[in-house]
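Okay, structure first, notes after.
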Amino acid sequence: MKSRFSLPELATAAHNARDLNRISPMHNTLNSPDCTARPASARRRVCASKFTHATCIGAFIGLGTLSSLLLPGCVAADKPATKLGPQPAVSKLSTMFMAAQTPRDSNSNGYLDTCLITVYIFPDNYPRSIQVEGTFELNLIGKGAKVLRTWSLQLPHPQVTSVNAGVGPGYFIKLSVLDDGGSDVMPTQSVDVVLKFIRKNGETVAAEPTSLLLGKSS
């Protein structure tokens with residue numbers, strides 16, 4: 001379970017716990033009325049047991065403080081979870097996430113040609129991803145910034161499949177350099193997949209490019 005506190009806050013709590021254990025019990029015990037009324041030598045003997053007990057209490061409180069920071073879910077276990085409402089009307093697209101699987105050799109000729117791209121689109125007013133009408137435009141950029149392939153996939157499209165995951169709905173996009181009679185025979189090289197989504201109303205959002213290895217398979 002992820003803590004809602006930052007590392008600096010945890011470090012401060014640990015530091016305070018050590019201070020409580022090492023300083024506060026000793027200071028408070030040796031300055032109590034039972035101790036200050038006695039000579040120094042007797043003070044140390046009489047207060048020894050009290051100091052040991054106070055040290056244990058300080059350590060317990062310190063550990064309790066850290067436990068409350070590290071295990072916030074246990075402290076607020078009775079707090080009802082906030083229910084996420086339905087997807088609101090989208091005002092603006094905010095972010096698009098893209099990830100690519102390792103390309104495979106679909107025609108068994110020794111060259112990599114096909115891969116699956118996973119895409120999630122997020123609005124600026126909702127915590128989960130959404131699906132909207134529009135067009136995916138993809139470019140495959142090779143050595144020397146050469147454009148190897150381009151795709152324009154208007155939704156719905158046979159190469160695009162809907163998927164629903166923990167973050168919300170998304171898309172699987174199947175890309176192949178063999179599309180439309182293309183060839184997969186090329187030098188082994190790292191290529192970039194550049195993706196943008198053009199919403200039906202003209203709004204555009206782009207994903208961070210991702211790299212693939214194409215060419216001769218090992």
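Bear in mind these aren't lab numbers, they're just calculated from the coordinates by the rules spelled out. This structure is a prediction, so every number in the text was calculated from the model and none was measured.
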- [ ] Convert each backbone phi in region 134-145 into a coupling constant with the Karplus relation 6.51 cos²θ - 1.76 cosθ + 1.60 (shift: θ = phi - 60°), then list the ³J(HN,Hα) values in order as whole Hz, x for Gly and Pro.
- [x] x, 9, 8, 10, 10, 10, 9, 9, x, 4, x, 6
- [ ] Output the pairs from 146/196; 92/143; 146/200 with a Cα-Cα distance over 25 Å in this structure; if there are none, say none.
- [x] 92/143; 146/200
